[in-house]
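The values are calculated or read from the model by the stated rules, or taken from the named source; none is laboratory data. Predicted, not measured: the structure shown is a model, and the values here were computed from it. Heads up, the Cβs are rebuilt from the backbone with ideal geometry, glycines too, and the neighbour counts pull from every protein chain shown. With ligands, DNA and RNA removed, areas are computed over all heavy atoms of the protein, side chains included. Shrake-Rupley method; radii C 1.70, N 1.55, O 1.52, S 1.80 Å.
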Amino acid sequence: MKKRFLQFALIAFVLFAQDTIAQELYMPRNIKKAYENGTRSKDGKPGVNYWQNRGKYNMEISVDPKTRLVSGTETIIYENNSKDTLRNLVIRFVNNLHKPTSSRGSDVSSDFLSDGLTITSLKIENEVYKEDAKNWGTVGNVKLQKPILPHSKTTINIEWNYPLSKESGREGQIDETTFFVAYSYPRVSVFDDYNGWDRLPHTDRQEFYNDFNDYVFSVKAPKNYVVYATGDLLNPDEVLQPEFASRLKKSYTTNEILHIANEQEMKSGIVTKQYDWNVWKFEAKNITDVCFGLSDHYLWDASSVIVDKKTNRRASIQAAYDIKGTDFVNSVKNNQYALDWFSNNWPGVPYPFSKMTAFQGFADMEYPMMCNDSQMGDPVFAQLVQDHEVAHTYFPFYMGINETRYAFMDEGWATTFEYLIGIAEHGKEAADNFYREFRVKHYINDRSSEEDQPIITISTQVSGAGYGNNSYGKASLSYLALKDLLGDDLFKKALHDYMDTWNGKHPIPWDYFNSFNTSTGKNLNWFFNNWFFTNNYLDIAVKGISADKKMITVENIGGFAIPFDVVITYADKSKVILHQTPAIWEKNQKTAKIILKSTKKILQIQLDGGIFMDATPENNVLLVK
């Protein structure tokens with residue numbers, strides 16, 4: 001008897017161990033090392049040994065619209081907060097993407113190409129390094145004469161210039177006298193606890209990974225040019241005529257939408273001070289990047305909105321656009337709504353910055369406190385695009401996401417918030433239809449292998465369609481499925497815990513997984529493994545109904561743990577909807593059993609995934625005989 005008991009106990013232990021092992025998520029060796037070193041913690045918080053480096057940037061930048069030349073002088077005080085001695089300094093300059101020798105993911109025209117960055121002076125702790133910068137691409141390396149010791153600072157002085165490209169994308173020339181100037185200064189690349197120096201070259205596909213820095217910077221531009229930038233304008237009275245400085249200041253404290261400068265005022269040259277050049281000064285602290293736009297004819301609107309009802313803190317909302325930019329006429333009004341909604345609904349975290357400016361350009365791209373969006377001729381779609389870019393405020397600017405490697409950690413959330421605010425703006429039916437058409441339909445109808453690569457795949461290693469779907473639609477569906485699984489209250493609690501914990505820091509996917517496990521008090525690894533580490537897709541089917549008509553069997557052909565509705569039509573034409581959360585797949589991710597309580601005669605059973613579009617909808621209906 002004792003021997004048999006021990007056998008049963010051993011079997012139970014083995015089964016328990018197998019189940020425990022099955023719940024472990026794959027983790028690359030370098031990530032494991034970070035957890036072993038105590039810089040990351042299994043409870044989803046930064047480890048006891050967590051650190052990150054940062055810099056203080058003081059920059060004087062000048063733009064010559066006639067030559068399109070951007071030049072600058074900058075001083076960086078760089079803090080090495082790691083335990084490592086840095087014998088190299090890695091400098092990143094994204095705009096060298098325009099150099100003919102730089103790698104890109106697509107063809108470009110001759111108007112895209114330029115000579116790239118010219119370093120006229122580079123000193124580190126007063127040691128000269130100018131020759132080191134001659135052949136830099138988007139990433140350059142400087143072998144230091146004096147290493148940067150742990151927990152020490154170094155001073156970097158750089159003088160540089162580069163030409164803006166004629167062909168505008170994320171930055172460049174918009175028209176003859178309008179420019180969007182982003183990624184415009186050499187910066188120290190990220191040195192982190194799991195990869196060391198970030199040496200990945202920038203391409204036109206991947207996005208960005210930056211430290212949180214403090215910036216004081218100025219932009220020198222000719223008279224009649226207005227400069228719109230990240231951060232607070234420190235000297236409106238020095239660059240604007242009194243009437244226009246007064247209008248701008250008033251906009252900071254009112255919900256009224258003010259026209260700071262209209263078309264005729266800009267044409268008349270009465271908006272800015274009439275020195276040959278004006279120097280616009282800005283400041284932004286604890287932020288991952290700064291950028292700016294300038295124009296001598298763009299219309300300028302502004303207002304503000306309360307983003308934190310506890311403190312009555314306001315954020316400035318501005319828009320700069322061409323007279324033909326019909327999509328931007330309501331930008332300030334729309335962004336008043338967006339900042340208020342994001343602050344108080346989803347994610348429900350007060351907008352953390354002092355300003356948001358919508359600038360008419362070409363990129364449909366987010367930047368700290370700015371978005372560079374194109375004129376589409378469709379105000380509804382334009383509003384959705386701006387909603388998406390403004391949502392990026394939280395991911396990757398409030399949370400320092402490594403977009404280059406893990407784009408799903410920010411694009412997926414922005415797509416989720418875009419959908420949720422769309423429900424508030426246009427109703428659920430319209431938001432669902434748009435989400436299906438724009439975010440899911442192409443993916444689920446394309447059966448190529450690129451579409452079904454695991455979401456966790458490093459973003460630089462995923463091809464075009466795979467990159468888009470892993471980063472946006474599939475990632476967003478995973479977050480919405482988790483929301484359905486947990487319910488709004490618990491999901492929001494976990495989201496806030498994650499955001500509060502990693503605000504101003506650099507979370508990686510395993511921090512997200514661990515944080516949600518801790519906050520919810522649930523082991524969600526089965527769910528995370530299902531969505532992030534598999535080749536699953538969206539496809540469920542009605543497999544059958546029991547002979548006594550009391551149980552339905554649903555097969556999960558595609559594998560993703562999705563929510564769905566079971567719509568039952570009875571002989572008397574009445575219907576009932578039985579909602580199933582993803583929890584139905586926790587124990588068995590292939591087959592689910594649904595018990596029916598009604599005794600009425602059934603005519604039809606239909607599965608409806610809603611925005612979780614089915615790859616083969618024809619097997620989602622069963623006619624019951």
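Here are the numbers for the structure shown:
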{"item": "The listed residue being modelled with pLDDT under 95 and among the β-branched types (Val, Ile, Thr), out of Val385, Val380, Val349", "result": "Val380"}
{"item": "Candidates Trp280, Trp300, Trp346 - the one that is of a type outside the set (S, T, N, Q), out of contact with any His (no Cβ under 9 Å at 6 or more places or on another chain), touching a residue at least 24 places away in the same chain (Cβ under 8 Å) and surrounded by 24 or more Cβ atoms within 10 Å (Cβ to Cβ)", "result": "Trp280"}
{"item": "Strands (runs of 3 or more DSSP E) enclosed by the range 241-334 - at least 1 residues per element that are under 30 Å from Phe212 (Cβ atoms)", "result": "277-287, 292-295, 299-308, 313-321"}
{"item": "Residue satisfying all of: in the range 23-41; in a loop (DSSP other than H, G, I, E, B), open to solvent by 20 Å² or more (accessible area, probe 1.4 Å) and modelled with pLDDT of 95 or more; farthest from Pro454 (Cα to Cα) among these", "result": "Asn37"}
{"item": "Residue tally, condition assigned to a loop (DSSP other than H, G, I, E, B) and in contact (Cβ under 8 Å) with a residue 40 or more places away in the chain, over the range 50-84", "result": "11"}
{"item": "Pair list, Cβ < 8 Å and 6+ apart or interchain, from the range 228-253 residues that are open to solvent by 80 Å² or more (accessible area, probe 1.4 Å) to residues that are in a loop (DSSP other than H, G, I, E, B)", "result": "Glu238/Lys273"}
{"item": "Matching option when the condition is of a type in the set (Gly, Ala, Ser), modelled with pLDDT of 95 or more and outside any strand (DSSP E or B), among Ser165, Ser103", "result": "Ser165"}
{"item": "Qualifying residue in the range 545-559 (condition: free of Cβ contacts under 8 Å to residues at least 60 places away in the same chain, touching a Leu at 6+ places or on another chain (Cβ under 7 Å), buried (at least 17 other Cβ atoms within 10 Å of the Cβ) and not hydrophobic (A, V, I, L, M, F, W, C))", "result": "yes"}
{"item": "Criterion: touching a residue at least 24 places away in the same chain (Cβ under 8 Å) and touching a strand residue (DSSP E or B) at 6+ places or on another chain (Cβ under 9 Å) - qualifying residue of Asn530, Asn517", "result": "Asn530"}
{"item": "Filter result (outside any helix (DSSP H, G or I), within 12 Å of Asn469 (Cβ to Cβ) and modelled with pLDDT of 95 or more) within the range 402-456", "result": "Ala407, Gln453, Pro454, Ile455"}
{"item": "Every pair of residues 6+ apart whose Cβ atoms lie under 8 Å, when the first sits in the range 170-197 and is part of a strand (DSSP E or B) while the second is of a type in the set (Asp, Glu) and surrounded by 21 or more Cβ atoms within 10 Å (Cβ to Cβ)", "result": "Phe180/Glu171; Val181/Glu171; Val188/Asp211"}
{"item": "Every residue from the range 355-399 that is part of a loop (DSSP other than H, G, I, E, B) and either crowded, with 22+ Cβ neighbours inside 10 Å or within 11 Å of the chain's Cα centre (by Cα) (or both)", "result": "Pro368, Met369, His392"}
{"item": "Residue under evaluation Ile562, criteria (1) in contact with a helix residue (DSSP H, G or I) (Cβ under 8 Å, 6 or more places away or on another chain); (2) not in a loop (DSSP other than H, G, I, E, B), criterion not met", "result": "(2)"}
{"item": "Per-region count, the range 483-503, residues within 22 Å of the chain's Cα centre (by Cα), of a type outside the set (Val, Ile, Thr) and open to solvent by less than 40 Å² (accessible area, probe 1.4 Å)", "result": "7"}
{"item": "Inter-residue pairs, beta-carbon under 6 Å, first open to solvent by 20 Å² or more (accessible area, probe 1.4 Å) and in the range 447-466, second outside any loop (DSSP other than H, G, I, E, B) and of a type in the set (Ser, Thr, Tyr), 6+ apart", "result": "Asp452/Tyr537"}
{"item": "Every residue from the range 137-146 that is open to solvent by less than 50 Å² (accessible area, probe 1.4 Å) and part of a strand (DSSP E or B)", "result": "Val139, Gly140, Val142, Leu144"}
